[in-house]
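The structure under discussion appears below in the form of structure tokens.
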Amino acid sequence: MDIHAIIQRLPHRYPILLVDRVLEIDHAKRIVALKNVTINEPYFVGHFPQRPVMPGVMMLEALAQTAAILAFDIIGPERGKNALFYFAGIDNARFKRVVEPGDQLVMHVTLERMKASIVKFNGRSMVGEQLAVEAELMCTMRTLD
């Protein structure tokens, strides 16, 4: 799935859109997506000027956006056109590796369970073979009026 299809599913836009491409999607089960980390990201100006590091909250947001794309895949295009998924919770977040400009962050998200409008996922992001971050994520779906 390219950036055009991602923009159709996610409401995010620059500078907060953090998914560049979906590499794999296994319907209603799992997704693998890519974030190219570049020095042009606005947060690198202040985090940290002498050694740019991607903020942990941005890595978690990239995982949450990846999870939302999977959630839209689960509910389908008809229900998805009037829905938004909000980040509802995070548990057991662990940061294992610094992410710097030039890295490719590959996000792996799997569906754990879905009950009513609450969806729980397991996520992990890799840089090459190294784990950068892992967390359990919860999203909630809201229908737009």
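The values are calculated or read from the model by the stated rules, or taken from the named source; none is laboratory data. This one's a predicted model, so the numbers in the text were calculated from it and none came from an experiment. Don't worry about glycine lacking a Cβ; one is built from the backbone with ideal geometry, like all the others, and counts go over all protein chains shown.
Take segment 46-56 and flag every residue that is more than 15 Å from Leu17 (Cβ to Cβ) and among the hydrophobic types (A, V, I, L, M, F, W, C).
Phe48, Val53
Any residue that is over 21 Å from Met138 (Cβ atoms) and either surrounded by 12 or more Cβ atoms within 10 Å (Cβ to Cβ) or of a type in the set (A, V, I, L, M) (or both) - is there at least one of those in segment 65-79? Among the residues of segment 65-79, not one is over 21 Å from Met138 (Cβ atoms) and either surrounded by 12 or more Cβ atoms within 10 Å (Cβ to Cβ) or of a type in the set (A, V, I, L, M) (or both), which makes the answer no. Here the condition is being within 14 Å of Met107 (Cβ to Cβ), at pLDDT 95 or above and in contact with a Lys or Arg (Cβ under 6 Å, 6 or more places away or on another chain); of Ala33, Ala67, Ala62, it holds for Ala62 alone. Test Glu61 against the stated conditions and say whether it is among the charged types (D, E, K, R) and under 13 Å from the mean Cα position of the chain (by Cα). Criteria met by Glu61. Across segment 46-59, not a single residue is classified as assigned to a helix (DSSP H, G or I), of a type outside the set (D, E, K, R) and more than 22 Å from Glu134 (Cα to Cα). Within segment 25-38, identify whether any single residue is surrounded by fewer than 15 Cβ atoms within 10 Å (Cβ to Cβ), part of a loop (DSSP other than H, G, I, E, B), out of contact with any Pro (no Cβ under 8 Å at 6 or more places or on another chain) and among the hydroxyl-bearing types (Ser, Thr, Tyr), and answer yes or no. There is no residue in segment 25-38 that is surrounded by fewer than 15 Cβ atoms within 10 Å (Cβ to Cβ), part of a loop (DSSP other than H, G, I, E, B), out of contact with any Pro (no Cβ under 8 Å at 6 or more places or on another chain) and among the hydroxyl-bearing types (Ser, Thr, Tyr).
Scan segment 90-120 for residues that are in a loop (DSSP other than H, G, I, E, B) and out of contact with any helix residue (DSSP H, G or I) (no Cβ under 8 Å at 6 or more places or on another chain) and report the count. Matching residues across segment 90-120 total 8. Being free of Cβ contacts under 8 Å to residues at least 24 places away in the same chain and surrounded by 12 or more Cβ atoms within 10 Å (Cβ to Cβ) holds for only one residue in Met126, Met107, Met138, and it is Met126.
Being assigned to a loop (DSSP other than H, G, I, E, B) and acidic (Asp, Glu) is the filter here; which residues of segment 121-145 pass it?
Result: Glu129, Asp145.
Each residue in segment 90-124 was checked for being over 18 Å from Ala71 (Cα atoms) and either of a type in the set (Ser, Thr, Tyr) or in contact with a Gly (Cβ under 6 Å, 6 or more places away or on another chain) (or both), and 1 of them qualify. When restricted to residues that are of a type in the set (Ser, Thr, Tyr) and within 12 Å of the chain's Cα centre (by Cα), segment 87-134 contains 2. Residues of segment 9-24 that are outside any strand (DSSP E or B) and farther than 20 Å from Val99 by Cβ: Arg9, Leu10, Pro11, Arg13.
Of all residues in segment 33-48, those being polar (S, T, N, Q) and in contact with a strand residue (DSSP E or B) (Cβ under 7 Å, 6 or more places away or on another chain) number 1.
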